[in-house]
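Encoded as structure tokens, the structure appears first; notes follow it.
The values are calculated or read from the model by the stated rules, or taken from the named source; none is laboratory data. The model shown is predicted, which means the values in this text are computed figures rather than measured ones. Please note: Cβ atoms are built from the backbone with ideal geometry, for glycine as well, and neighbour counts cover all protein chains shown.
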Amino acid sequence: MGDVYFANNFHINAYRFVNNNNIATRVPPPKLYKHVGDLRYIDCGAIVHENPSHWKGITDSIRGEVSHIFNSLGSILRGSADFIPDCIIDHVPTLYATHIWNNIP
């Protein structure tokens, strides 16, 4: 990720991974930067997709958030009062590494 000059001069084959609702992949606003590399999207089921459609990303984001809310409610009902937003959990680097590793053919 960089400005337009950086992106236009980036000539390396690379992948850009996005884990479902990761907050860091949504800031800063897109007008301030340009992505580089081929998108690999990790859905809420931990499956890696190559260049998913915009609609797939939206529906999966909602599915991941709803799933997280229900899982968190279950934890709270069992006595654990910890609630970490899905957008923060999806930013954890070890999750990226695990999901990518588990999707290697």
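Of all residues in the range 58-91, which are of a type in the set (S, T, N, Q) and touching a residue at least 24 places away in the same chain (Cβ under 8 Å)? If the condition is that a residue be of a type in the set (S, T, N, Q) and touching a residue at least 24 places away in the same chain (Cβ under 8 Å), then Ser61 is the only one that fits. I want to confirm something. Restricting to the range 14-57 and keeping residues that are without any contact (Cβ under 8 Å) to a residue 12 or more places away in the chain and part of a loop (DSSP other than H, G, I, E, B), which single residue is nearest to Asn102 (Cα to Cα)? My answer is Gly45. The set of residues from the range 1-22 being more than 8 Å from the chain's Cα centre (by Cα), at pLDDT 90 or above and surrounded by 13 or more Cβ atoms within 10 Å (Cβ to Cβ) comprises Phe10, Arg16.
Suppose we keep only residues that are exposed (fewer than 12 other Cβ atoms within 10 Å of the Cβ) and of a type outside the set (A, V, I, L, M) within the range 39-58. Which one would you say is nearest to Val92 (Cα to Cα)? Reasoning before the result, please.
Step one: of the range 39-58, the residues exposed (fewer than 12 other Cβ atoms within 10 Å of the Cβ) are 45, 50-51, 53-55, 58.
From the residues that got through so far, the ones that are of a type outside the set (A, V, I, L, M) too are 45, 50-51, 53-55.
Values: Gly45: 16, Glu50: 21, Asn51: 22, Ser53: 24, His54: 23, Trp55: 24 Å.
The selected residue is Gly45.
Residue count for the range 88-103 under the criterion of being in a helix (DSSP H, G or I) and either charged (D, E, K, R) or within 15 Å of the chain's Cα centre (by Cα) (or both): the result is 10. Scanning the range 58-87 for residues that are over 18 Å from the mean Cα position of the chain (by Cα) and either of a type in the set (D, E, K, R) or not in a helix (DSSP H, G or I) (or both) returns Arg78, Gly79, Ser80, Ala81, Asp82, Phe83. Screening Phe83, Phe70 for residues that are in contact with a Ser or Thr (Cβ under 6 Å, 6 or more places away or on another chain) and modelled with pLDDT under 85 leaves exactly one candidate, Phe83.
For Gly64, the test of being in contact with a Cys (Cβ under 8 Å, 6 or more places away or on another chain) and surrounded by 12 or more Cβ atoms within 10 Å (Cβ to Cβ) is passed. Of the listed requirements (1) under 15 Å from Asn22 (Cα atoms); (2) loosely packed, with under 14 Cβ neighbours inside 10 Å, Gly74 misses just one: (1).
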